[in-house]
Amino acid sequence: MATDAERRITLVDLDAFYASVEEVEDPSLRGKPLLVGGSPEGRGVVMAASYEARRYGCRSAMPMAQALRLCPEAVVLPGRRDLYHRYSQRVMDILRRESPVVQPMSIDEAYVDLTAVSRDMAHAEALGRRMQGRIRVEAELPSSIGLAANKMVAKVACETGKPNGFVVVPPGGEAAFLAPLPVRKLPGVGPRSAERLNAAGFETLGQVAAAPLGTLAALLGSGGALLQRRALGEDASPVSTEREAKSISAEETFASDVGDRGAVLQETERLARRVADSLESAGLLARTVTVKVRYADFTTLTRSQSRPTATADAVRAIAVELVTAAWEEGRRVRLVGVGVSNMRPRQAEGQMTMEALEPREA
């Protein structure tokens, strides 16, 4: 197995992917602020914003109505998931022509391990730039790439180079590369941890790397030591070609808050069937069903129950049961969601182990 100093890993990230695909399909959109997502008349959100739209402060997950207030002249298009999946597959095929070790992380992002197919970091850079060029020519899409000796640093390098960037961090240079960056730039450091670190005087990753371990442990508990190792650029996680699905979920935000239990249960059934269909397509079974109910005041309730869930009807029945038990008369619902977890491969007909577990709350 290659040591960290010998590994050569890239993260390939497609810039403003959904918006970029729409520009390929309609070149007249290039250069214009573009928002892909739901209707501003309802509760649609932005799935992707072109870089022209981002200059106005628009970003993904923002309510579409808010984005249009920031950029009234933006072109708004509904998402076309089937189209985006076709483009994503085209890009993944390009990556696999350079290395058999490709780990897709999402529809627009993948790690590529170039260790076995390159002589050194310079050769790996040449292969990475060839990948980027092929994505630009064959898929007509812009991309950013980070190249480093491990996955974490490759990801940070990729983010710092966006858009259309190619950032190389040489082996041994990980800590120096990370040192001036804000602590929030490190994968896994959320807003609350960043706020706590900042309040204690830790603004940069270099300050975290140089801190006494006891200080970090007092601040973050057992996570302090891990944070310091990551701030030094250490990450031994491999690029895996087998990405195990841990959960499948679907949710719906209503166009207006709903106070009718029948309407909420009807939507719950629809989402449960969609999740069950995804399980069937993946050849999986799930033991745990979880529902999420978000009320008009944004408080959110989750409930889970575990038992064998071999059929769509079982997922539907459990989801409806959980939402019914959680229902509170007089409260209006903003969002409902259904998810499954604790998954395993579907066995042959008649071989499923029947297990009965008590319901539990999440």
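Using the Cβ-Cβ distance between Asp26 and Arg274 with R0 set to 30 Å, the FRET efficiency from 1/(1 + (r/R0)^6) comes to roughly 0.55. If only the Cβ of Lys and Arg carry +1 and only the Cβ of Asp and Glu carry -1, the dipole of the chain around its Cα centre is close to 360 debye. When the charge dipole of the chain is built from unit charges on Cβ atoms (+1 for Lys and Arg, -1 for Asp and Glu) and taken about the Cα centre, the candidate among Phe17, Trp327, Tyr87 whose Cα reaches farthest toward its positive end is Phe17. What the Cα atoms of region 23-173 give is an Rg and a Dmax of 17.2, 55 Å. Taking 0.36 nm per residue of separation and subtracting the current Cα-Cα distance, fully stretching the chain between Ser249 and Ala236 would add 1.7 nm. What would the Debye equation give as log₁₀ I(q)/I(0) for region 200-286 at q = 0.19, 0.21, 0.23 Å⁻¹, counting only Cα atoms as equal point scatterers? Log10 of I(q)/I(0), two decimals: -0.83, -0.95, -1.09. The C-alpha atoms of region 20-79 occupy a region whose extents along the principal axes are 28, 21, 16 Å, arranged from largest to smallest. Its convex hull of Cα atoms gives region 56-141 a direction-averaged projected area, equal to a quarter of the hull surface, of 7.3 nm².
Dipole magnitude for region 176-231: computed about the Cα centre from +1 point charges on Lys and Arg Cβ and -1 point charges on Asp and Glu Cβ, it is near 140 debye.
A simple packing score, the average count of other Cβ atoms within 10 Å per residue, orders the peptides 71-83, 157-169 as 157-169, 71-83, with the highest score first. Residue ranges 119-125, 144-150 sort as 144-150, 119-125 when ordered by packing (mean number of other C-beta atoms within 10 Å per residue, highest first). Among the trypsin sites (Lys or Arg not before Pro) in region 189-263, those placed in a DSSP loop whose Cβ has at most 13 other Cβ atoms within 10 Å are Arg243, Lys246.
Compared with the dominant Cα axis of the chain, that is its longest principal axis, helix 261-282 is turned about 50°.
Within region 176-231, all pairs of alpha-carbon atoms sorted by distance into 5 Å bins from zero give the percentages 4, 23, 38, 28, 6, 0.
Residue pairs exceeding 25 angstrom between C-alpha atoms, taken from Lys155/Lys246; Lys151/Lys292; Lys151/Lys185; Lys246/Lys292; Lys162/Lys246; Lys32/Lys162: Lys151/Lys292; Lys162/Lys246. Applying 0.36 nm per residue to the separation of Arg192 and Arg129 and subtracting their alpha-carbon distance, the gain on full extension is 19.0 nm. Take Gln266, project a point 7 Å from its Cα along the Cβ direction, then tell me which residues of region 321-342 have their backbone nitrogen under 16 Å from it. Residues passing the 16 Å test: 333, 336. The residue list Ser118, Asn342, Ala61 was ranked by how far each Cα lies along the charge dipole of the chain toward its positive end, using unit charges on Cβ atoms, and Ser118 comes out on top.
Which of the following values of semi-axes √(5λ) of the Cα gyration tensor in Å was calculated from the structure shown: [x] 62, 25, 18; [y] 37, 27, 24; [z] 33, 24, 21? The value computed from this structure is option [y].
Any read-out appearing in this document is the output of simple, stated calculations on the displayed coordinates, not a laboratory observation. Since we're looking at a predicted model, the values are computed, not measured. We place every Cβ from the backbone using ideal geometry, glycine too, and count neighbours over all the protein chains shown.
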